[in-house]
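Structure record follows, encoded as structure tokens.
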Amino acid sequence: MSHFAQIVRVPGDPILGLMEAYRADTNPDKLDLGVGVYKDAQGLTPIPQAVKLAEQRLVDQQTTKSYVGGHGDPLFTARLAELVLGEDSPALGEQRAAATQTPGGTGALRLAADFIAHSLPGRGIWLSDPTWPIHETLFAAAGLKVGHYPYVNADNRLDVEAMLTALAQLPRGDVVLLHACCHNPTGFDLSQDDWYRVLEVVKARELLPLIDFAYQGFGDGLEQDAWAVRLFAKQLPELLITSSCSKNFGLYRERIGALLVCASNSEQLLNIRSQLASIARNLWSTPPAHGAAIVASILNDSELKALWMSELESMRQRVAGLRLGLVEALQPHGLAERFAHIGVQRGMFSYTGLSPQQVQRLRDEHSVYLVGSGRANVAGLDASRLDQLAGVIAQVCQP
Ligand code: LMR
């Protein structure tokens, strides 16, 4: 008897699969606008100088590789919580908010998902349509009932009215996942007015927000991007936030992130944290230490922090410039208006509005890789190739 013979093959992850297909492509003019990874003008994903310096310090000064605790490196979690919630955060000051270190932002989401499934049974989770594809599978894998609220309309524009109408009808007490900034995959962010309106509905329906904050610093700036998270943390006693250091610290493969919890009081926070430690023990036991030690050294040292902030700001500005550059490059093809939203969207991603067929043609005929939904990682572009990209987009847009 074979134990494994009946196991069927499932399709590979659509985003990670693109990385492999791109690597295997021998066309020297290929362009990778798939996975959400920042690239510099040379097409490389750089290690920030601040990270290099912090790593060197670790090599010189680290004295042990013994396990970190269940909630991770205390210096990392303390500094990261301040980065997210603000140094003057009332919730931190009242000791009713804290972070648990996780393997990447995805680990934080999984920890949140298992916490909801285990400790808040019966609560459904509501995701924007569209959202990051892993949100869909990850919460379902944890056994949660997944629903959707609209986010963009048929013309590929942010549809706040439809979103608010749907949120106002959600079952009382359910969890709503919101993207703090740099919405993945669309790049459309809520305005401050929109956030106030969402907050009102969240309060009225007594929803529990889970805010995914994977791109802090890539939208309008480190502090600006935290605006909505801090508003919610001030206005609501209870909140879940997932944070990632993959993009803003360039630490993708180190898998470093955190789940932050704001609770009504410090006693409740301790209860919740006991549950999180117990769930995490079954998932990954204790988190990987290296990325956390790097982030902690940077955030705890004013010089390294200043260097990192300026490096992050240059990455942010480069991506913002590429957005405008692409719209400009589409101008001679008569497509600037059709794609004007690329200049309005924020962060790495743009929901271009290209159809799956057009995306397929870009890949097959021009070795330009986008996610099938039409999502382009603008941070994968190179200013010297904007005209080339605009030209091939024009070709696949022809009727
Ligand atoms: C993306 O959406 O491309 C990134 O978040 C990377 C990933 O893991 O999918």
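The values are calculated or read from the model by the stated rules, or taken from the named source; none is laboratory data. In this text, all values refer to a predicted model and were calculated from it rather than measured experimentally. Please note: Cβ atoms are built from the backbone with ideal geometry, for glycine as well, and neighbour counts cover all protein chains shown. Side chains included, ligands, DNA and RNA excluded: accessible areas come from the protein's heavy atoms. Shrake-Rupley method; radii C 1.70, N 1.55, O 1.52, S 1.80 Å.
For the reader, a short list of remarks on this structure follows.
- Dimensionless Rg/Rh of segment 51-300 - Kirkwood Rh, Rg from C-alpha atoms: 0.96
- Residues D155 and L283, FRET efficiency given R0 of 45 Å [Cβ-Cβ distance, rounded to 0.05]: 0.65
- Protein heavy-atom accessible surface, 1.4 Å probe, per residue over the chain: 45 Å².
- Relative contact order %, the chain, counting alpha carbon pairs below 8 Å whose residues are six or more apart: 26
- Net length available on complete extension from L16 to Q357 is 120.8 nm, with 0.36 nm assigned per residue and the Cα-Cα distance removed.
- Rolling a 1.4 Å probe over the protein heavy atoms leaves D301 with an accessible area of roughly 40 Å².
- Histogram of C-alpha separations across segment 130-219, 10 Å bin width, %: 16, 50, 33, 2
- Rounded to the nearest 500, the helix-only mean residue ellipticity at 222 nm of the chain stands at -14000 deg cm²/dmol, with each DSSP H run of n ≥ 4 adding -39,500 (n - 2.57).
- Computed accessible area, F249, all protein chains, 1.4 angstrom probe, square angstrom: 0
- For segment 4-132, the average shadow cast by the Cα convex hull is 15.2 nm², which is a quarter of the hull's surface.
- Each principal axis of the Cα atoms in segment 197-299 has its own extent, and those three values, largest first, are 42, 36, 20 angstrom.
- Taking other residues whose beta carbon is less than 10 angstrom from the beta carbon of L18, and scoring Lys, Arg as +1 and Asp, Glu as -1, yields -1.
- With Cα atoms, 0 to 90° folded angle of helix 192-205 axis to the chain main axis: 50
- Rg/Rg_ref, segment 53-116, where Rg_ref = 2.2 N^0.38 Å and atoms are Cα: 1.32
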